[in-house]
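Visitor: Starting off with a structure, shown below.
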Amino acid sequence: MTNSTTIPADTAVGISRRAALLIGGSGTAVALVGCSTGPAATGDAAATDQEGGPKSATEVAKLADIPVGGSVEASLNGKPILVSQPTAGKVIAFSAVCTHRGCVVKPVGKEFDCPCHGSKFDAMTGEVLGGPAPSPLVAVPVTVTGDSVTAT
């Protein structure tokens, strides 16, 4: 019998092909809808819509609501994300979908914890700190404009 992992399309926020391969591994089936080949870096490249024009930015948080050295929960197009502010004015974001089995991770101090199987991620880098998660959280490109944090 083949073990398979399916990540629901409504929870896979900006998942890359690389992340899909790491999640799926060898001999498993991975179902992805709307794979993105866009940049994983935060806010460095302009995104485009299906017609090739620039995507409109969506506000995901207010800068003042994100503690320096901390994180907040947010959503982008109905999908859970986590927004962190490592240093004053520098903001990064990650999908809140655990790379192990797709549970939604939560901010706890300076890390993100998965309530399902105990994976832990660094809140400032998305890197795996421990647990069964095979790869870091997927980066979500964000930009700070004035007091607003936006994503496309």
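The values are calculated or read from the model by the stated rules, or taken from the named source; none is laboratory data. The structure displayed is predicted, hence computed values, not measured ones. Here the Cβ is made from the backbone with ideal geometry for all residues, glycine too, and neighbour counts use every protein chain on show. Side chains are part of the model used for accessible areas, which takes the heavy atoms of the whole protein and leaves out ligands, DNA and RNA. Shrake-Rupley method; radii C 1.70, N 1.55, O 1.52, S 1.80 Å.
Visitor: Of all the residues that make up segment 65-85, how many are of a type in the set (A, V, I, L, M) and assigned to a loop (DSSP other than H, G, I, E, B)?
Guide: 1
Visitor: Another question about this same structure. Take segment 105-120 and flag every residue that is touching an Asp or Glu at 6+ places or on another chain (Cβ under 9 Å) and either open to solvent by 60 Å² or more (accessible area, probe 1.4 Å) or in contact (Cβ under 8 Å) with a residue 40 or more places away in the chain (or both).
Guide: Within segment 105-120, 106, 110, 112, 120 qualify.
Visitor: Going by the structure shown, is residue 125 polar (S, T, N, Q) and touching a Pro at 6+ places or on another chain (Cβ under 8 Å)?
Guide: yes
Visitor: Which of the following residues is in a strand (DSSP E or B), under 15 Å from residue 141 (Cβ atoms), modelled with pLDDT of 95 or more and under 13 Å from the mean Cα position of the chain (by Cα): 112, 94?
Guide: 94
Visitor: Still on this structure, please answer the following. Taking segment 112-148 as the region of interest, how many residues are of a type in the set (Val, Ile, Thr) and over 17 Å from residue 73 (Cα atoms)?
Guide: 2
Visitor: Filtering segment 48-76 down to residues that are open to solvent by 60 Å² or more (accessible area, probe 1.4 Å) and at pLDDT below 95, which residue is nearest to the chain's Cα centre (by Cα)?
Guide: This residue is 57.
Visitor: Filter segment 121-152 down to the residues that are open to solvent by 50 Å² or more (accessible area, probe 1.4 Å), outside any loop (DSSP other than H, G, I, E, B) and closer than 17 Å to residue 66 by Cβ, then identify the one that is modelled with the lowest pLDDT.
Guide: 145
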